[in-house]
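Got a structure for you, questions after.
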Amino acid sequence: MTLTGGCQCGAIRFAVEKPGGSGMCHCRMCQKAFGSFYAAMVTAPGLKWTRGEPKWFQSSNLVRRGFCPDCGTPIAYDAGEALEIAVAVFDDPEQVAPTIQVNSNDKLSFVDELHNLPTRPAAESPEFFASLVSYQHPDHDTEGWVPHTGQEQGNTHE
């Protein structure tokens, strides 16, 4: 089973032959690296970068983190033994759903209650969504990549 994915702008794309275990890390470093309450990642043996490669930030003496230098999307976690890829950057994240949580001692107190928050459907903001033009790369491979300049009139990555 080969799964593909990439960053938000499409500058970086990858393919993984047989994804491994997937989990959610609650450690403070992952929270900051992802700008989120946790980081969901999956091991990626046999990963191939098919377009571009991440830029790396050495976040500790043992770990480096890869991100897109063009759009900033967090993509990879490398602790030397097994490279991990962010679940949400896969074209079909459902295929690599997390099966374990780690570093729960750093879990933010409100995370387990998020599902109880009220929701607001997109239909409540029809003007916003009617005028929205996405510059995000589609969830599939494309032959080329055009960097976003802010001048496009629609998704140029189709």
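With respect to the numbered conditions (1) out of contact with any Gly (no Cβ under 9 Å at 6 or more places or on another chain); (2) surrounded by 12 or more Cβ atoms within 10 Å (Cβ to Cβ); (3) modelled with pLDDT under 90, which one is the sole condition not fulfilled by PRO138?
Failed condition: (1).
Now a separate question. List the number of the failed condition for LYS55; all other conditions in (1) touching a residue at least 24 places away in the same chain (Cβ under 8 Å); (2) surrounded by 13 or more Cβ atoms within 10 Å (Cβ to Cβ); (3) in contact with a strand residue (DSSP E or B) (Cβ under 7 Å, 6 or more places away or on another chain) hold.
The one condition LYS55 does not meet is (1).
Limited to segment 4-52, what total is found for residues that are among the hydroxyl-bearing types (Ser, Thr, Tyr) and touching a residue at least 60 places away in the same chain (Cβ under 8 Å)?
The qualifying residues number 4.
Right, another one. Name the residue that is surrounded by the most Cβ atoms within 10 Å (Cβ to Cβ), counting only residues in segment 1-24 that are over 14 Å from the mean Cα position of the chain (by Cα) and modelled with pLDDT under 95.
PRO19
Sticking with this one: Being surrounded by 10 or more Cβ atoms within 10 Å (Cβ to Cβ) and more than 23 Å from THR50 (Cβ to Cβ) is the filter; apply it to segment 113-135 and report the residue that is nearest to the chain's Cα centre (by Cα).
Within segment 113-135, the match that is nearest to the chain's Cα centre (by Cα) is PHE129.
Related question: Residues that are among the small types (Gly, Ala, Ser) and loosely packed, with under 14 Cβ neighbours inside 10 Å: does segment 96-103 have at least one?
Start the filter on segment 96-103 by keeping residues that are among the small types (Gly, Ala, Ser), which leaves 97.
After this cut, where a residue has to be loosely packed, with under 14 Cβ neighbours inside 10 Å as well, the list is 97.
Looking through segment 96-103, at least one residue is among the small types (Gly, Ala, Ser) and loosely packed, with under 14 Cβ neighbours inside 10 Å.
The values are calculated or read from the model by the stated rules, or taken from the named source; none is laboratory data. The model shown is predicted, which means the values in this text are computed figures rather than measured ones. Glycine also receives a Cβ, built like all others from the backbone with ideal geometry; neighbour counts cover every protein chain displayed.
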